[in-house]
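Reading through the structure tokens given below for one structure.
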Amino acid sequence: MDSAKSQSSANPVPTSAIATRMRDMPSEMRPREELKRRGAEAMDAEKLLAILMRIGNPGRNVTELARQLLIAAGGLEALAHMTYLDIIGLHVPGIGEVKAMELEAAFELGRRASSGAVTATPRRVASANDVFEIIEPLVRGARQEFFHVILLDSRGRMVGQPVKVATGSHDRCPASATEIFGPVMRRGCTAAILVHNHPSGDPTPSKEDVNVTVRMADAARILGIRLVDHVVVGRRTEASPSGYSSLAEAGVLKG
């Protein structure tokens, strides 16, 4: 046996040499190598984000760029609920339209997987609790109000994914009848559920929520659409064990 080979196999490469090689590795590769070694669940958010972003920009490696983006967005939860236009609007050098779209798409896929909305068999939506379970993962941690419409077929089964029809401020979400019922009519559905979140976590309907429900119910009747419910999604707490309020259960929507 060759003596050099024998000596090499008997003496493993020093840890310091491995560390040196890691330092010599292009910065864009380091988060990926860490994922291989440790697994995604053990990694910091900025490094996971760096893997999605792939490359940095001149003078800033991809991990530093990811950190800057998180700071500009106000944290991961805030970033996860931004549209690609919101992300571009943060004006972080190196984050252009394509990278912003990729990030929005990745976060949206994560929300859909978490909500269980992607299923082979259409899900039947039979209660406000069903609505909560579908929508809550999509708005968890959101700092704005999001107005969604769940489209239903004649058997009360969800058609496609919940449609986000409007984005509001921290306490108000403007949405017109056209925005709300347009997707319902385009898909040929005859029933729908309105749902929006309260970022405060308190699902108690406001006076405006009640007024919107009455207006939308009137519009739905004119359009021949059955408005099944309007659900306000908050958080499950000791004060609000269900985490939601149903305007139908409250008697605002009648027959």
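The values are calculated or read from the model by the stated rules, or taken from the named source; none is laboratory data. Keep in mind it's a predicted model, so treat the numbers as computed, not measured. Ideal geometry is used to build each Cβ from the backbone, glycine not excepted, and the neighbour counts take in all protein chains shown.
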Taking the stated definitions as given, is Leu48 closer than 24 Å to Lys164 by Cα, within 18 Å of the chain's Cα centre (by Cα) and either not aliphatic (A, V, I, L, M) or not in a loop (DSSP other than H, G, I, E, B) (or both)? no
Could you say whether any residue in segment 65-74 is modelled with pLDDT of 80 or more, polar (S, T, N, Q) and not in a helix (DSSP H, G or I)? no
Go through the residues of segment 57-65 one by one and say whether even a single one is of a type in the set (Val, Ile, Thr), under 29 Å from Lys164 (Cα atoms) and in the same structural domain as Glu108 (by TED's automatic domain parsing). no
Condition (residue is within 20 Å of the chain's Cα centre (by Cα), assigned by TED's automatic domain parsing to the domain that holds Gly160 and closer than 25 Å to Arg155 by Cβ) applied to segment 216-236: is it met by at least one residue? yes
Report, by residue number, each residue of segment 243-255 that is modelled with pLDDT under 95 and either closer than 18 Å to Ala142 by Cα or in a strand (DSSP E or B) (or both). none
Test for Ser240: is it part of a loop (DSSP other than H, G, I, E, B), surrounded by fewer than 14 Cβ atoms within 10 Å (Cβ to Cβ), at pLDDT below 95 and under 28 Å from the mean Cα position of the chain (by Cα): no
Consider only pairs whose beta carbons are under 7 Å apart and that are at least six residues apart or on different chains; among these, list those whose first residue lies in segment 178-195 and is in the same structural domain as Gly156 (by TED's automatic domain parsing) and whose second residue is assigned to a loop (DSSP other than H, G, I, E, B) and hydrophobic (A, V, I, L, M, F, W, C). Phe181/Ile225; Val184/Ile225; Arg187/Val159; Cys189/Val159; Thr190/Ile225; Ala191/Ile225; Ala192/Ile225; Ile193/Val125
